[in-house]
Amino acid sequence: MSSRPSKYYKALQIQREISETLNKSTDLHEILQLSLERLLELMELETGWLFLTEDNTFYQLAADYQLPPAMADNREELMHCQEGCTDCTCLQLYWEGHMQQAVNHVKCIRLKQAVTDKMGETRGLTHHASIPLTIRGKKIGLLNLASPGRHRFHEDDLILLETIAYQIGAAVERTRLHQQQTKKEVNATARYLIEAYANAERIKQEVGNVRNRNELLQRIMQELHHYLPHWTHAAIITMEQEILTVQICLDDHGPKEVFDTEQKMNLSQPDLIRRAYVQQRTLQDNKNPLHFSSLKDHHSLYSIALPLFMRDRPEETFGVLLLSRSTTACDYLEIGMLEGLANHFSMGMERIRLYEEWEALLVSKERNRLARDLHDSVNQKLFALSLISGGLQGLINKKESSIMEGILEVQQLSKEALVDMRSLIWQLRPDHLEQGLITSLNEYAQKIGIDLSMKAPDNLELSQSCKEALWRIGQEALNNIQKHAGTSKAAIVMESDSDGFMMKVIDQGSGGAVEKQQSLGITSMKERAEELDGSFHINSEKGRGTTIIIRVPNDRKGR
């Protein structure tokens, strides 16, 4: 009575240990080898081998343990599938459907061939037990077990072996499915990365030739919308006069320009954008709010913030690229791709900055060249003409009044031309703004004989390009007053508020400038204002003086 429960518990123990062994790894051949060795040990058997099959013509040796020398030394010839190798009794029975369960006593053709061809020691083995590996009726493989002197297995042992064979078959099927799924996931990841990097390269090419900052921002948003549609929301935030400012956004309706500065925040717990900007590293979040009213649609999404800066000059961070979507956060592969994309955008912005500096340098060099040439040639000739006309006065008889009048007129014109030429040379020189816009305008007014009153804030927060444009507009307006207004008095008023900056140039002269709207000077002032995305207005009625008004929006003051 006690032997049967003992065998029962032993069988359960064997099943449990084989099951544990089958779950130790996801490598198919590793788990089969470990399971075979453990099974032989638990059932006190000497040798065994396991074939995996795919169809009725092919099999592979997946695991073996303690094969007799004849089989181990001639593994390729005896144990592996050869062309036309269909005379193995156990495999024939298996493939023909005659082995639905464990077979107790199968004469091994391989062992017989080893003896016949004197391939080596077989340890007296001639037969083995064969157990089919199946799962839901599908043939998976064949397990062969043997020991010298053991010709038959007890019925309980065969039932146990069938149960274990089913466990092995299930593990094989599970592992194969896992490998297939892993392969699919790897292939899907590879396809995603290939497509993502291809799209990143396309975006790089699309933005590579843009030479205008606003156009670049627009193009970036358009390309993100086209090539990375799963990122449903995006924004570019740049640092403008030490304030983070949203320049452009992307949502379901496409790109749109905005101008949204950061609101006051608790600096001990800054938001995702400021942390990415300050720490200069990529960050993700889907919980904390973003302190910009234009980004409220991002709050319920997963967001990633990528700093925009040149790697060789990390201290010059331009801003942050913010991307958001409804799906999960990015893994390290996707982050790597997005950081590469952010690098392209940073290089694009840096390229535009260098291009603008290069253009400004060319203009400055050309102005210097013109100023030098005018000074060395035309200015000297005008000065010589003024001296010659003055000398001719002493040589001509005062009675010859008509000639004297002509000489006096030549002298007056040469003096005026000399004043104009010196003024033009001074305008062309680029060094005037080093002392500030207000001081430069005051000095220029004195140089051309204008009594100028100035009203302006103590600290003008204007970009260099904005100062340059206002300087040229102020020059042209003062020149027009000196030449056409019939007055030597003028006023300039500058004001700055939350909407932007305004400059007025006022005189109480003869007016009538509206009749000359197509003049080169007025056209030039208008164009310079429009280059700053600003506006130019002129009020000038005859007899009531002239007022020129230039307005510049906040988003252009700091650029």
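The values are calculated or read from the model by the stated rules, or taken from the named source; none is laboratory data. Note that this is a predicted model, so its numbers are computed, not measured. Using ideal geometry, Cβ is built from the backbone for each residue, glycine included, and neighbour counts are taken over all protein chains shown.
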Please go through the stretch 207-262 and give me each residue that is surrounded by fewer than 20 Cβ atoms within 10 Å (Cβ to Cβ), in contact (Cβ under 8 Å) with a residue 12 or more places away in the chain, out of contact with any helix residue (DSSP H, G or I) (no Cβ under 8 Å at 6 or more places or on another chain) and not polar (S, T, N, Q), ordered by number. HIS225, HIS230, ILE243, ASP252
Evaluation of ALA491 against (1) at pLDDT 90 or above; (2) assigned to a helix (DSSP H, G or I) (one fails), failing number: (2)
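Which one of THR53, THR57 is among the hydroxyl-bearing types (Ser, Thr, Tyr), out of contact with any helix residue (DSSP H, G or I) (no Cβ under 7 Å at 6 or more places or on another chain) and crowded, with 20+ Cβ neighbours inside 10 Å?
Numbers: THR57 fails: crowded, with 20+ Cβ neighbours inside 10 Å.
Sole residue among the options that is among the hydroxyl-bearing types (Ser, Thr, Tyr), out of contact with any helix residue (DSSP H, G or I) (no Cβ under 7 Å at 6 or more places or on another chain) and crowded, with 20+ Cβ neighbours inside 10 Å: THR53.
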List the number of the failed condition for LEU93; all other conditions in (1) surrounded by 12 or more Cβ atoms within 10 Å (Cβ to Cβ); (2) assigned to a loop (DSSP other than H, G, I, E, B); (3) not charged (D, E, K, R) hold. (2)
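Listed here are the residues, each with its yes/no results for (1) assigned to a helix (DSSP H, G or I); (2) crowded, with 18+ Cβ neighbours inside 10 Å; (3) in contact with a Pro (Cβ under 8 Å, 6 or more places away or on another chain).
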position: LEU462; (1), (2), (3): no, yes, no
position: CYS466; (1), (2), (3): yes, yes, no
position: ASN479; (1), (2), (3): yes, yes, no
position: LYS483; (1), (2), (3): yes, no, no
position: MET502; (1), (2), (3): no, no, no
position: ILE506; (1), (2), (3): no, yes, no
position: GLU527; (1), (2), (3): yes, no, no
When residues of the stretch 319-337 are filtered for being closer than 15 Å to GLN280 by Cα and surrounded by 20 or more Cβ atoms within 10 Å (Cβ to Cβ), how many remain? 4
Among the residues listed as ALA146, ALA170, ALA165, the single one being outside any helix (DSSP H, G or I), in the same structural domain as ARG110 (by TED's automatic domain parsing) and at pLDDT 85 or above: ALA146
The number of residues in the stretch 529-550 that are closer than 30 Å to THR261 by Cα and loosely packed, with under 15 Cβ neighbours inside 10 Å is 4
Going by the structure shown, is SER519 in the same structural domain as GLY449 (by TED's automatic domain parsing), at pLDDT 85 or above and farther than 15 Å from ARG472 by Cβ? no
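For GLU121, are the conditions met, namely being among the charged types (D, E, K, R), touching a helix residue (DSSP H, G or I) at 6+ places or on another chain (Cβ under 7 Å) and either outside the structural domain of GLU30 (by TED's automatic domain parsing) or not in a helix (DSSP H, G or I) (or both)? Don't jump to the end; show me each part of the working.
Working: among the charged types (D, E, K, R): yes; touching a helix residue (DSSP H, G or I) at 6+ places or on another chain (Cβ under 7 Å): yes; either outside the structural domain of GLU30 (by TED's automatic domain parsing) or not in a helix (DSSP H, G or I) (or both): yes.
Answer is yes for this residue.
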Is there a residue being loosely packed, with under 15 Cβ neighbours inside 10 Å and either outside any helix (DSSP H, G or I) or of a type outside the set (Gly, Ala, Ser) (or both) anywhere in the stretch 303-312? yes
Among the residues of the stretch 270-287, is there at least one that is hydroxyl-bearing (Ser, Thr, Tyr) and part of a strand (DSSP E or B)? no
The lone condition GLU316 fails out of (1) touching a residue at least 24 places away in the same chain (Cβ under 8 Å); (2) within 17 Å of GLN279 (Cβ to Cβ) is (1)
Within the stretch 96-112, restricting attention to residues that are in a helix (DSSP H, G or I) and touching a residue at least 24 places away in the same chain (Cβ under 8 Å), which residue is farthest from GLU54 (Cα to Cα)? LEU111
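Given the criteria touching a residue at least 24 places away in the same chain (Cβ under 8 Å), within 47 Å of the chain's Cα centre (by Cα), under 30 Å from GLU257 (Cα atoms) and loosely packed, with under 13 Cβ neighbours inside 10 Å, does PRO553 qualify?
On the way: touching a residue at least 24 places away in the same chain (Cβ under 8 Å): yes; within 47 Å of the chain's Cα centre (by Cα): yes; under 30 Å from GLU257 (Cα atoms): yes; loosely packed, with under 13 Cβ neighbours inside 10 Å: no.
For PRO553, the condition - touching a residue at least 24 places away in the same chain (Cβ under 8 Å), within 47 Å of the chain's Cα centre (by Cα), under 30 Å from GLU257 (Cα atoms) and loosely packed, with under 13 Cβ neighbours inside 10 Å - is not met.
This table checks each residue for (1) within 55 Å of the chain's Cα centre (by Cα); (2) at pLDDT below 90.
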{"residue": "GLU20", "(1), (2)": "yes, yes"}
{"residue": "THR26", "(1), (2)": "yes, yes"}
{"residue": "LEU50", "(1), (2)": "yes, no"}
{"residue": "THR57", "(1), (2)": "yes, yes"}
{"residue": "ASP64", "(1), (2)": "yes, no"}
{"residue": "MET71", "(1), (2)": "no, no"}
{"residue": "GLU76", "(1), (2)": "yes, yes"}
Does the stretch 360-371 include one or more residues that are at pLDDT below 70 and either within 30 Å of ARG219 (Cα to Cα) or buried (at least 16 other Cβ atoms within 10 Å of the Cβ) (or both)? yes
Of the conditions (1) in contact with a Leu (Cβ under 7 Å, 6 or more places away or on another chain); (2) more than 27 Å from LEU22 (Cα to Cα); (3) modelled with pLDDT of 85 or more; (4) β-branched (Val, Ile, Thr), ILE220 fails just one. Which one is it? (1)
